[in-house]
Structure formats: structure tokens, C-alpha cells
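J.: Below are the C-alpha cells for one structure; questions will follow.
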Amino acid sequence: QVQLVESGGGLVQAGGSLRLSCAASGRSVSFYAMGWFRQAPGREREVVGAISRSGGAKYYADSVKGRFTISRDNAKNTVYLQMNSLKPEDTAVYYCAAANVPWTVTTAQYSYWGQGTQVTVSS
């Protein structure tokens, strides 16, 4: 099975950018659809973006469309989330997850999760 480790979180001012990375080990990330999720205090975990196994299909939550970009580099066994024009409401713990299907945005189908990385956007 795959193990996932996120990095790249931190504190940034509103309008700034961060790039999150999700490094996979144990099994090639190419076997999985990948997703980025976030959870803010007192709120449910929500999908931010997802990318199919092939990279040909992508999904973004309405709240991040046009600002966030998900990508994958199967050769490096890594998935990325480029976050631009960050807003205070983007503050959350961001998680990378893998689903053993070609494509899904259904949280319940994501079986493997990283430990999360904190993103804090100050106003």
C-alpha cells in the first residue's frame, strides 16, 4: 500500500501563494486517483481538488476554482497543489489522499491519507 507525506504548508499573507507537495512511497502513485482535502476547525473535511490516475481529469471545489491547481508527476511519485491568491478562509489543515480507482471525487473512496500540513492565511 502507499504511504503519503505532505509538505509545503505554512503561514502566508492574503493574496500570497503556497505549493503543497505530497510524496508517496511504498507503491507508485500512478496506481491511484489522488486528491487534496482540507479541514478547518469546527468544519467537515472537504475535497479541494482531485486528479485522475492518468492526469487527464481534474476537479476543483467552486471555492478554489481559478486559484488552485492540482498536478501530478508520476515519475517523481509526487502530487502537488499550487495555491494562488490565498484567502483567510483557505486556512485549514490540508491532506493528500489516494484512491485505488482511476478517478473519483468521493471522499469515502480515498483509502490512504497523509498526516496533513497546516496552511494559515493572515488577513
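J.: For a quick check: with amide H placed at 1.01 Å from N, whose amide H comes under 5 Å from ALA57's, ignoring anything fewer than 5 positions away on the same chain?
T.: SER52
J.: For the chain, what is the accessible area per residue in Å² when the probe is 1.4 Å? It would help to have the intermediate numbers written out before the result.
T.: Numbers: 5920 Å² over 123 residues.
Heavy-atom SASA per residue in the chain reads 48 Å².
J.: Sorted by mean Cβ packing within 10 Å, highest first, what order do the peptides 36-44, 104-112, 76-84 take?
T.: Packing proxy ranking, top to bottom: 76-84, 104-112, 36-44.
J.: Percent of accessible area on region 10-123 owned by carbon and sulfur, 1.4 Å probe?
T.: Within region 10-123, the accessible surface is 48 percent carbon and sulfur.
J.: Any chance you could get the radius of gyration and Dmax over the Cα atoms of region 26-123, in Å?
T.: 12.9, 40
J.: Also: Round to the nearest 0.05 the FRET efficiency obtained for SER122 and ALA57 when R0 = 41 Å and r is the Cβ-Cβ distance.
T.: 0.75
J.: Something else now. Could you please report the charge total around VAL93, scoring K, R as +1 and D, E as -1 over all other residues with beta-carbon less than 11 angstrom from its beta-carbon?
T.: +2
J.: Kindly write out, for region 8-15 in residue order, the coupling ³J(HN,Hα) from the Karplus curve 6.51 cos²θ - 1.76 cosθ + 1.60 (θ = phi - 60°), rounded to whole Hz, with x marking Gly and Pro.
T.: x, x, x, 9, 9, 7, 4, x
J.: Output the relative contact order of region 1-111, whole-number percent, from Cα pairs under 8 angstrom with separation of 6+ residues.
T.: Dividing the mean separation by the residue count of region 1-111 yields 33 percent.
The values are calculated or read from the model by the stated rules, or taken from the named source; none is laboratory data. Bear in mind the structure is a predicted one, so any value in this text is a computation, not a measurement. Backbone-built Cβ (ideal geometry, glycine too); neighbour counts: all protein chains shown. What goes into the accessible areas is simple: the full protein's heavy atoms, side chains included, and nothing from ligands, DNA or RNA. Shrake-Rupley method; radii C 1.70, N 1.55, O 1.52, S 1.80 Å.
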